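Visitor: Before I ask anything, here is the structure I am working with.
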2 protein chains.
Amino acid sequence: MKAAPGIEVSPSADRVTISDVADALGLTKGTVSRALNNYPDISDATRQRVARTAESMGYRPLAHAQAIRTGRSRAIGLVLQTDVAGAQRPFLSDFLAGVSNAASDASWTLTVAMSSGGNEMLATMRRLIEERKADGFIVPRTLAEDARATLLNSLKVPFVLYGRLREIGDCAWFDILGEEAMRKAVARLAGQGHSRIGFVNGGMEYNFSYLREEGFRVGMQEAGLKVDENLVVNGAMTREVGRDKVVELLAHDKPPTAVLFAVDMAALGAYDAAEAIGLQIGQDLSVISYDGIPECAWVRPKLTSFRVDSKMAGGRLAELLIRHVRGEHPSTLRETAHAMLWPGGSDGPPRLTTEELANRVAGAI
Amino acid sequence: MKAAPGIEVSPSADRVTISDVADALGLTKGTVSRALNNYPDISDATRQRVARTAESMGYRPLAHAQAIRTGRSRAIGLVLQTDVAGAQRPFLSDFLAGVSNAASDASWTLTVAMSSGGNEMLATMRRLIEERKADGFIVPRTLAEDARATLLNSLKVPFVLYGRLREIGDCAWFDILGEEAMRKAVARLAGQGHSRIGFVNGGMEYNFSYLREEGFRVGMQEAGLKVDENLVVNGAMTREVGRDKVVELLAHDKPPTAVLFAVDMAALGAYDAAEAIGLQIGQDLSVISYDGIPECAWVRPKLTSFRVDSKMAGGRLAELLIRHVRGEHPSTLRETAHAMLWPGGSDGPPRLTTEELANRVAGAI
DNA sequence: TTTCTTGCCGAAACCGGTTTCGTAACTGAT
DNA sequence: ATCAGTTACGAAACCGGTTTCGGCAAGAAA
């Protein structure tokens with residue numbers, strides 16, 4: 001009595017099952033299972049015998065058959081946000097490659113879902129958890145107050161943040177030291193002779209913005225420069241907003257000769273602003289940014305930026321998550337990496353003083 | 001006797017199981033299962049009673065518990081290639097969103113893996129199949145001769161191509177009518193007064209290249225123009241190669257006043273070539289392309305291109321695949337959609353004749 | 001009435017694993 | 001030699017579903 005069946009399950013369903021292995025060894029499948037899972041009540045001799053024949057027979061357990069008993073299916077969950085402005089897109093491919101490869105290496109798989117953010121994203125995660133489609137999650141683009149972390153914590157589902165949290169609970173994370181990059185960028189600009197340096201930050205809903213701003217400030221202090229609060233703005237995640245912010249800074253009566261951006265996408269807006277006003281990027285106005293999106297190399301002059309290795313990040317996140325699911329304590333699962341300076345021609349010694357620059361700007365408007 | 005355990009499986013493992021539903025109804029779980037799966041030996045009354053209480057109790061079957069018996073887990077497999085030149089990246093996010101959303105709507109999930117292509121990609125697919133991590137595959141970027149299709153066919157695993165195959169076997173596909181876009185592009189250029197139109201095709205390993213070239217030729221014929229084979233080149237998938245191809249075409253003694261590209265990424269190279277030679281895109285040289293990547297809007301003048309709705313494509317592919325897995329015959333699962341003209345300033349009436357253009361080019365080199 | 005269908009459901013096997021429990025055989029101490 | 005304690009495995013239950021099989025009851029045909 002067959003119901004509407006769909007595709008015939010290929011008769012080549014000749015997978016090697018645990019029972020096959022057991023029969024070949026003259027053991028029961030229970031014993032084989034315990035041997036493979038390192039139960040203490042199996043003799044070393046048997047354990048090795050089992051391991052060898054399982055290997056030679058090409059036995060690999062079906063993750064979802066295990067999952068029905070254990071609740072774990074060796075799957076990493078990744079929920080992406082669809083409509084975020086810009087910056088995510090260029091890295092997505094590399095990031096996925098990193099996660100996917102690391103997962104494969106551990107015989108894990110990657111389940112991805114996309115949702116529009118907010119509550120819908122939480123609902124999506126809930127569904128994946130409830131249906132046991134993911135044993136844990138990678139949480140990209142950590143927010144200053146991240147409801148995803150809260151949810152997963154309360155559900156006791158393992159997760160690893162890409163980015164840090166303001167109040168560090170017991171969670172695992174991986175992050176690139178954006179603050180360090182900002183610090184170095186300021187040092188570089190100061191070394192070129194800039195003393196009035198503006199800072200265009202990203203959206204304050206993201207935690208990285210706080211870190212990068214702090215890095216900017218530390219850098220200024222180390223360079224012996226004073227931060228003019230009028231030259232510190234935020235909320236620039238897109239080219240358009242970046243443009244507007246630069247115009248805003250340049251309209252100051254003592255405009256900055258250099259502007260540091262927290263985000264490449266916004267920094268591209270500086271080119272538009274410069275073109276509109278008639279300034280040469282890299283000479284009249286120096287720009288340094290962060291992310292290392294491909295567009296950096298396409299604009300003229302090339303945008304000096306701190307490049308993030310997204311593929312590596314994805315790989316590290318996956319490994320940390322797997323270790324977390326396997327039982328390691330989250331507080332031991334924290335890693336950072338450095339962004340790498342990727343020099344272009346967008347920064348250099350100031351050709352104009354702030355006064356001259358102010359005149360140029362005034363003349364253009 | 002517990003083995004090294006890992007994270008405690010959350011005690012909130014209070015999912016509603018099929019037994020719960022059965023108990024609540026005074027039926028056996030077998031009956032409930034058959035009722036929910038529309039077996040013919042269940043009375044309509046019972047079927048509806050079961051459906052209602054299952055719904056009200058919030059019962060949703062565990063996909064991987066079903067899979068152990070049925071072999072299907074309601075998962076779409078998507079294997080992406082890591083190192084392809086360019087064009088994939090900009091659309092990945094939209095494409096994933098489309099696939100993911102369509103999958104979610106049907107209570108399916110999306111398993112993605114990335115690999116470097118060729119045999120490694122086939123091995124990755126094999127692994128996913130063997131481990132039952134995917135019930136079927138979406139095969140993006142169809143090649144002229146696609147080993148993936150061959151493999152999946154021989155394994156009798158359902159799949160849907162994004163793109164068509166040269167020799168249409170019994171497979172399902174979704175595709176955008178690139179040839180139609182090329183045809184319209186030629187008509188547009190001809191209408192603007194161009195008579196010498198070059199064509200820079202993509203790599204001939206991709207099947208779409210054959211289609212688009214055919215579209216170009218049909219368009220030329222319909223416009224009453226003769227194709228100069230010297231002005232038809234291929235293999236341009238990147239900005240750099242695109243640039244070189246344009247230079248090559250312009251070096252012709254009767255250079256084209258308009259160039260049609262099969263791929264945006266390559267068309268961007270035309271801007272570099274034009275800048276090097278000192279030509280105005282849109283006036284001295286008209287360019288129309290295809291894909292609709294975001295960069296089209298960032299270059300000056302904006303690149304006229306035929307935009308592909310990747311999100312929609314992903315969604316359609318997912319739905320077709322699901323229907324395929326459910327048993328519909330692949331030959332009934334074929335869809336196409338249109339690319340949409342996205343006008344920029346990169347094309348227009350020719351300012352120069354081909355002779356004048358040749359002189360300009362000669363002067364510049 | 002009797003017999004044959006048919007409709008409808010319960011019982012139980014099954015999928016491929018994991019985990020608990022019980023026990024035979026081997027220690028080692030008395 | 002006896003007895004308690006280990007060691008190492010078999011047996012069987014279990015996870016959450018699906019599918020087969022058998023049989024009861026009601027209706028149809030004889």
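The values are calculated or read from the model by the stated rules, or taken from the named source; none is laboratory data. Quantities reported herein were computed from a predicted structural model and do not represent experimental measurements. Counting neighbours? That spans all protein chains shown, and the Cβs are built from the backbone with ideal geometry, glycine included. Heavy atoms of the whole protein, side chains included, go into the accessibility calculation; ligands, DNA and RNA do not. Shrake-Rupley method; radii C 1.70, N 1.55, O 1.52, S 1.80 Å.
Visitor: With Cβ to Cβ distances under 12 Å as the rule, what net charge do the other residues near A:Leu250 carry (K, R +1; D, E -1)?
Guide: Overall, the nearby charge balance is +1.
Visitor: Quick check on segment B:226-278: take the gyration tensor over C-alpha atoms, sort the square-rooted eigenvalues as a ≥ b ≥ c, and tell me if it's rounded (a/c under 1.5), prolate or oblate.
Guide: Note, shape of segment B:226-278 comes out oblate.
Visitor: Here is a further query. What list of ³J(HN,Hα) couplings, whole Hz, do you get for segment B:300-317 from phi and the Karplus terms 6.51, -1.76, 1.60, once you set θ to phi - 60° and write x for glycine and proline?
Guide: For segment B:300-317, the Karplus curve yields 10, x, 4, 7, 6, 8, 9, 8, 9, 8, 5, 5, 4, 4, x, x, 5, 4 Hz.
Visitor: Starting from segment A:188-284, pick out the trypsin sites (Lys or Arg not before Pro) whose DSSP state is loop and whose Cβ has at most 16 other Cβ atoms within 10 Å.
Guide: Of the trypsin sites (Lys or Arg not before Pro), the ones in loops of segment A:188-284 whose Cβ has at most 16 other Cβ atoms within 10 Å are A:Lys226.
Visitor: Tell me the net charge near B:Ala187. Cut-off is 11 Å between Cβ atoms, B:Ala187 excluded, with +1 for each Lys or Arg and -1 for each Asp or Glu.
Guide: +1
Visitor: Would you tell me which residue of chain A has the beta carbon closest to the rotation axis bringing chain A onto chain B, and how many whole Å away it is?
Guide: A:His64, 2
Visitor: Along Cα→Cβ at 7 Å, what distances in nm separate the B:Ser116 label point from those on the other copies, shortest first?
Guide: 4.1
Visitor: Using mean Cβ contacts within 10 Å as the protection proxy, how do B:50-61, B:168-179 order, highest first?
Guide: The packing order, highest mean first, is B:168-179, B:50-61.
Visitor: Helix-only estimate, please: 222 nm mean residue ellipticity of chain B, summing -39500 (n - 2.57) across DSSP H runs of length 4 or more and dividing by its residues, to the nearest 500.
Guide: -14000 deg cm²/dmol
Visitor: Taking the Cα centroid of segment A:12-91 and of segment B:295-365, what is the distance between the two, rounded to the nearest whole Å?
Guide: Here the answer is 45 Å between Cα centres.
Visitor: Put +1 on the Cβ of each Lys and Arg and -1 on the Cβ of each Asp and Glu in the protein assembly as shown; which of B:Val139, B:Phe216, A:Thr46 then has its Cα farthest toward the positive end of the dipole?
Guide: A:Thr46
Visitor: What is the spin-label model distance, in nm, from A:Lys29 to A:Val218 if the labels are put 7 Å beyond Cα along the C-beta direction?
Guide: Placing both labels 7 Å beyond Cα along the Cβ direction yields 5.6 nm.
Visitor: GNM on chain A, C-alpha springs below 10 Å: top fluctuator among A:Thr124, A:Thr17, A:Thr332?
Guide: Checking each option, the largest mean-square fluctuation is seen for A:Thr17.
Visitor: Another one. Between segment A:190-216 and segment B:186-245, how far is it from one alpha carbon centroid to the other, in angstrom?
Guide: Between the Cα centre of segment A:190-216 and that of segment B:186-245, the gap is 47 Å.
Visitor: Among rounded, prolate and oblate, which fits segment A:283-355 when a ≥ b ≥ c are the square roots of the eigenvalues of its C-alpha gyration tensor, a/c under 1.5 means rounded, and a/b larger than b/c means prolate?
Guide: Note, shape of segment A:283-355 comes out prolate.
Visitor: Here is a further query. Pull up the DSSP beta bridges for chain A and report the antiparallel fraction as a percent, rounded to 5.
Guide: Percentage antiparallel, nearest 5: 10.
Visitor: Now for a separate question. Among DSSP bridges having both ends in segment A:276-344, what percentage is antiparallel? Round to the nearest 5.
Guide: Of the beta bridges lying entirely in segment A:276-344, close to 40 percent run antiparallel.
Visitor: While we're looking at this one, here's another question. Quick one: which residues, 5+ away or cross-chain, put their amide H under 5 Å from the amide H of B:Trp342? H built at 1.01 Å from N.
Guide: Sorted by chain and number, the residues that satisfy this are B:Ser305, B:Phe306, B:Arg307.
Visitor: When each copy gets a label point 7 Å from Cα toward the beta-carbon at A:Thr353, what are the spacings between them in nm, shortest first?
Guide: So the label point of A:Thr353 gives 5.9 nm to the other copies.
Visitor: Averaged over its residues, how many other protein chain Cβ atoms are within 10 Å of peptide B:93-101's Cβ atoms?
Guide: That works out to 5 on average.
Visitor: Right, something else. Based on alpha-carbon centroids, what's the gap between segment A:112-158 and segment B:152-178 in Å, whole number please?
Guide: Each part's Cα centre sits 34 Å from the other's.
Visitor: Residue by residue through segment B:235-251, which ³J(HN,Hα) values in whole Hz follow from phi under the Karplus form 6.51 cos²θ - 1.76 cosθ + 1.60 (θ = phi - 60°), with glycine and proline marked x?
Guide: Whole-Hz 3J(HN,Hα) from phi for segment B:235-251: x, 9, 10, 10, 4, 5, 5, x, 4, 4, 5, 5, 4, 4, 5, 6, 6.
Visitor: Let me ask something else about it. Which GluC sites (Glu not before Pro) in segment B:72-161 sit in a loop by DSSP (not H, G, I, E or B) and have at most 12 other Cβ atoms within 10 Å of their own Cβ?
Guide: Taking segment B:72-161 and a limit of 12 other Cβ atoms within 10 Å, the loop GluC sites (Glu not before Pro) found are B:Glu145.
Visitor: If amide H atoms are built 1.01 Å from N in the plane of the peptide, which residues on other chains or at least 5 residues away come under 5 Å of the amide H of B:Gly203?
Guide: Long-range HN contacts for B:Gly203: B:Gly235, B:Ala236.
Visitor: Okay, next question. So for the protein assembly as shown, taking the charge dipole from beta-carbon charges (+1 Lys/Arg, -1 Asp/Glu), which of B:Val79, A:Phe199, B:Met125 sits furthest toward the positive end?
Guide: Farthest towards the positive end: B:Met125.
Visitor: Partner chain Cβ atoms within 10 Å, averaged over the residues of B:103-114 - can you pull that number for me?
Guide: Taking all residues of B:103-114 together, the mean is 6.
Visitor: Kindly compute the accessible surface that chains B and A hide from a 1.4 Å probe when together, both sides summed, and give it to the nearest 100 Å².
Guide: Summing both chains' loss of accessible area gives about 5500 Å².
Visitor: Antiparallel versus total DSSP beta bridges in the protein assembly as shown: what percent is that, nearest 5?
Guide: 15
Visitor: Still on this structure: Quick one: which residues, 5 or more positions from A:Glu335 or on another chain, have an amide H under 5 Å from its amide H? H modelled 1.01 Å from N in the peptide plane, none for Pro or chain starts.
Guide: Here A:Trp173, A:Phe174, A:Asp175 satisfy the definition.
Visitor: Compute the Cα gyration tensor for the protein assembly as shown, then decide on rounded, prolate or oblate, letting a ≥ b ≥ c be the square roots of its eigenvalues: rounded whenever a/c is under 1.5, prolate when a/b is larger than b/c in the other cases, and oblate in all that remain.
Guide: Oblate, since a/c reaches 1.5 and b/c is not below a/b.
Visitor: Further question: Provide a whole-number value for the mean count of partner chain Cβ atoms within 10 Å of the Cβ atoms in peptide A:132-143.
Guide: Counting other chains' Cβ atoms within 10 Å and averaging over A:132-143 gives 2.
Visitor: On to the next question. What percent does the relative contact order of chain A come to when contacts are Cα pairs within less than 8 Å and at least six residues apart?
Guide: 17
Visitor: Here's something else I'd like to know. Over all pairs of distinct alpha carbons, what does the Kirkwood formula give as the hydrodynamic radius of segment A:291-332, in Å?
Guide: This gives a value of 12.5 Å.
Visitor: Continuing with the same structure: Treating each Cα of segment B:15-54 as an identical point scatterer and ignoring solvent, apply the Debye formula and state log10 I(q)/I(0) at q = 0.25, 0.31, 0.35 Å⁻¹.
Guide: -0.73, -1.09, -1.32
Visitor: Note down, for chain B, the three equivalent ellipsoid semi-axes (square root of 5 times each alpha carbon gyration tensor eigenvalue), biggest first, whole angstrom.
Guide: For chain B, the semi-axes come out at 53, 20, 18 Å.
Visitor: Are any of the pairs A:Lys184/A:Lys226; A:Lys29/B:Lys29; B:Lys254/B:Lys302; B:Lys226/B:Lys254; B:Lys184/B:Lys311; A:Lys133/B:Lys133 more than 18 Å apart by Cα-Cα distance, and if so, which?
Guide: Among A:Lys184/A:Lys226; A:Lys29/B:Lys29; B:Lys254/B:Lys302; B:Lys226/B:Lys254; B:Lys184/B:Lys311; A:Lys133/B:Lys133, the Cα-Cα distance tops 18 Å for A:Lys29/B:Lys29; B:Lys254/B:Lys302; B:Lys184/B:Lys311.
Visitor: Right, something else. What are the distances, in nm and sorted shortest first, from the label point of B:Glu248 to the label points of the same position in each other copy, with each label point placed 7 Å from Cα along the Cα-to-Cβ direction?
Guide: 4.9
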